[in-house]
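I have placed the structure first, in the form of structure tokens, so that the comments after it can refer back to it.
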Amino acid sequence: MEQAPANLGSLAASSKHFARRLFTTGENRLELLVVELQEARQHLLHAILLALGVAAFGFFALLGLNVAVVVLFWNSSSVAVLLGLAGLYAMVTFGLYHKLARLLRDWQLLSATLAQLRKDRVCLKDNFA
């Protein structure tokens, strides 16, 4: 009869230990999630600022190039030059659109957090199944 209280005390201690481990693991995963969200935010902001800079200075460079080409060929065939430049820009736009679509399709957000949660699920399944 004396083993029952000892087993109950052992079970209570084991349960407390398991609960502490579970909360510690949850806290670690939450910290990893927060760190990954901060890194993603910084990466996205950096990419947006670089893209804006590229777009602005690229626009000014192309504007200057357009003016130079149109002035150079104004007497021979100005309309053909303008149509050629428009066609070139349409092809570049189409290519950049497809590259952006591929980038967005392959984007993986919070991959380390999700991988760690999968590992945790497998570990819990192996230990408690």
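Nothing in this text is a laboratory measurement; each read-out follows from the coordinates by a stated rule. Just so it is clear, the model here is predicted, and its values are computed rather than measured. Note that we place each Cβ from the backbone using ideal geometry, even for glycine, and neighbour counts take in every protein chain shown.
Quick notes on this one:
- Taking every DSSP helix (H) stretch of at least 4 residues in the chain, weighting each as -39,500 (n - 2.57) and dividing the sum by the residue count yields a mean residue ellipticity at 222 nm of -34500 deg cm²/dmol.
- Computed Kirkwood radius, in angstrom, where 1/r is averaged over Cα pairs of the range 3-128: 20.7
- For the range 67-81, the Karplus equation 6.51 cos²θ - 1.76 cosθ + 1.60, evaluated at θ = phi - 60°, returns couplings of 4, 5, 5, 5, 5, 5, 9, 4, 6, 7, 7, 5, 5, 5, 5 Hz by residue, with Gly and Pro reported as x.
- Loop chymotrypsin sites (Phe, Trp or Tyr not before Pro), the range 91-128 (other Cβ atoms within 10 Å of the site Cβ: 12 or fewer; DSSP): W107
- Once the chain from T93 to A55 is taken as fully extended at 0.36 nm per residue, the excess over their C-alpha distance is 12.4 nm.
- Sorted into 10 angstrom bins from 0, the C-alpha pair distances of the range 83-129 split as 23, 22, 18, 15, 12, 8, 3 percent.
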